[in-house]
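Some notes on the structure that comes next.
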Amino acid sequence: MKINMAKSSGFCFGVKRAIDIAIKSSSGNKNICMLGDIVHNEFVVNKIKESGIKKICSLKSGKGKSLLIRAHGIPRSLFEKALKAGYRIIDATCPMVKEIHKIAKKMEKSGYRIIVIGDKNHDEVRGIVGQLKKRAIVIDNINKVPLKKIKKACIVVQSTQNLEYVTKIIEKIKPHIQELKFFNTICKPTTIRQEETKKLPLENDVMVIIGSKGSANTKRLYEISKSLNPRSYWVESKNDIKKAWLRNAKSVGVSSGASTPDEITQGVIKFLR
Ligand code: SF4
């Protein structure tokens, strides 16, 4: 059985950067907390905890403590709350997510209503929405596109969305907006990964997509793969693989999400071999 690995597999730039920042800062400081998960992968989160960084669920007194901001960013109000509580901020927000914040804030200032196409409950989307003064419109489902008239609106996109789906949503919303500006803020690492995932499922009998079930970009890769090859499977590690999936398969394509560590991917490859 041939195993064909996606070239773009492994940590994306933003995740790698966030992990590096976390590990580096923890070496000289044992008083670092992270609010929620730094990236959406259990294995990575545990590794970071092992380096001495504590995971917290809410902001208490931050005197003498540092707060590590996750790769997906946080709302402005949370940032201010942390500073007020006395935390020193270590910001690991991906620069590409920061760019989305910048665009959304600038366009809001210019009088545009901000529309975010992305998963409503995802940290990144909450972070984008939380930069704004007025309530943004969040669309995560083509069947739930608001159809009320808007004079001026600006669309930004969660960095890990699928452009084809986003385009369909925009087509649906377009007739209702007099002046529409669109910024394709899907990041380059996501685009490259998705492009590759559009080829591999057609060239292989079976597809295995590796990543945490909480990872938005892995979900997207799986959806793309499944739409092209019904024998596509989403696993968190080698333990999820069922041998029956591989029956009569001559080739298996393997791809992984942006926050999937190499160790996990290598474990899958070894198992498949
Ligand atoms: S997926 Fe893109 S935006 Fe998100 S952390 Fe990675 S590089 Fe940054």
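The values are calculated or read from the model by the stated rules, or taken from the named source; none is laboratory data. As the structure is a prediction and not an experimental result, all values here were calculated from the model. Cβ: placed from backbone, ideal geometry, glycine included. Neighbour counts: every protein chain shown. The area values use the complete protein model at the heavy-atom level, side chains included, leaving out ligands, DNA and RNA. Shrake-Rupley method; radii C 1.70, N 1.55, O 1.52, S 1.80 Å.
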Going toward the positive end of the dipole of the chain, with +1 on Lys and Arg Cβ and -1 on Asp and Glu Cβ, which of Leu272, Ile115, Asn46 do you reach last? Ile115
For the chain, what is the mean residue ellipticity at 222 nm derived from helices alone (per DSSP H run of n ≥ 4: -39500 (n - 2.57); sum divided by total residues; nearest 500 deg cm²/dmol)? -12000 deg cm²/dmol
What number comes out for accessible area per residue over region 80-230 if the probe is 1.4 Å? Units Å², please. 50
Surface share of carbon and sulfur [accessible, 1.4 angstrom probe, percent] for region 3-65: 56
Taking 0.36 nm per residue of separation between Lys242 and Ile150 and subtracting their Cα-Cα distance, the length gained on full extension comes to 28.2 nm
Starting at the first residue of region 84-89, write each ³J(HN,Hα) from the Karplus equation 6.51 cos²θ - 1.76 cosθ + 1.60 with θ = phi - 60°, in whole Hz, x for Gly and Pro. 4, 6, x, 6, 8, 9
The set of residues whose placed amide H lies less than 5 Å from the amide H of Met34, leaving out same-chain residues fewer than 5 positions away, is Lys54, Lys55, Ile56, Leu68
Normalise the Cα radius of gyration of region 129-273 by 2.2 N^0.38 Å (N = residues in it) and let me know the number. 1.25
Taking the reciprocal of mean 1/r across every pair of different Cα atoms in the chain, the Kirkwood radius in Å is 19.9
Under 21 Å between alpha carbons, and skipping anything fewer than 8 positions from Lys198 in its own chain: which lysines qualify? Lys2, Lys7, Lys168, Lys188, Lys213, Lys219, Lys226, Lys250
Contact order normalised by length for the chain, with contacts defined as Cα pairs under 8 Å and 6 or more residues apart; what percent is it? 22
Average the reciprocal distances over every distinct pair of alpha-carbons in region 197-260, invert the result, and give the Kirkwood radius in Å. 11.5
Mean Cα-pair separation over length for region 77-132, i.e. relative contact order, pairs under 8 Å, 6 or more apart, %: 32
Please give the charge dipole size of the chain, origin at the Cα centre, charges +1 on K and R Cβ atoms and -1 on D and E Cβ atoms. Round to the nearest 20 debye. 840
